Amino acid sequence: MDTKEEENYWTNRYHNELTGWDIGYPSTPIKTYIDQLENKDLKILIPGAGNAYEAEYLFQNGFKNTHILDISKEPLTAFSKRNPDVPKSQLLHANFFEHEDLYDLIFEQTFFCSFPPTDENRTSYVKKMYELLKPNGKLVGLLFDIPLTGDMVKRPFGGTVELYKKYFSPFFEIKILERCYNSIKPRAGKELFVMFEKK
């Protein structure tokens, strides 16, 4: 899918309210992680951010160097309306794979699972995350612990601990990759909490 096709796909999903991933508040595991962060100067990115409740929570708690990126304008516009004080320059309407910058911390929240699970897509994702992180930067968040079915259309696409290790370990030191203990109820038993540090 090229950028325009991808943008149209997600914009249509917002228009038609086909946003099953949108829980309406910051995901508990990510909120819990944010609550123990002390350095408010961290440069943070949330790619494929959607309505970006985690970013809202970050801004409310003093993490002013937070950037959100989405291929569709719809969620960025909605975020801006809810958070008029957040600089527009930190709301990035862009294709993740074409974005260039460097971050201390990137959050993963239902983004990896949105791409058709080809080897090429998953390798490209990992390499791009590696490129966007500063030395010793961290990729933190949630990955679905659900089997791949062979269906290349129905999102979200899953994976297993072994599969994630295969893709991430060449580029990242795996600090945490374990079953999430504080998932929201509908996702209980289906999520892994991850912390990967750039090698």
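The values are calculated or read from the model by the stated rules, or taken from the named source; none is laboratory data. Small disclaimer: the values here were computed from a predicted structure and weren't measured. Note that we place each Cβ from the backbone using ideal geometry, even for glycine, and neighbour counts take in every protein chain shown.
Filtered by the rule that a residue be modelled with pLDDT of 90 or more, more than 23 Å from Lys134 (Cβ to Cβ) and not in a loop (DSSP other than H, G, I, E, B), region 166-199 gives Lys166, Glu178, Arg179, Glu191, Leu192.
Number of residues in region 134-147 that are closer than 14 Å to Phe196 by Cβ and either within 12 Å of the chain's Cα centre (by Cα) or modelled with pLDDT under 95 (or both): the value is 5. Entry remark, region 114-160: residues being farther than 19 Å from Phe171 by Cβ, out of contact with any Leu (no Cβ under 7 Å at 6 or more places or on another chain) and not in a strand (DSSP E or B) number 13 in total. Scanning region 98-133 for residues that are at pLDDT 95 or above and hydrophobic (A, V, I, L, M, F, W, C) yields Leu102, Leu105, Ile106, Phe107, Val126, Met129, Leu132, Leu133. Scanning region 98-113 for residues that are farther than 15 Å from Ala49 by Cβ and surrounded by fewer than 15 Cβ atoms within 10 Å (Cβ to Cβ) yields a count of 3.
Applying the criterion of being over 19 Å from Asn121 (Cα atoms) and in contact with a Gly (Cβ under 8 Å, 6 or more places away or on another chain) to the residues of region 136-189, the residue that is surrounded by the most Cβ atoms within 10 Å (Cβ to Cβ) is Ser183.
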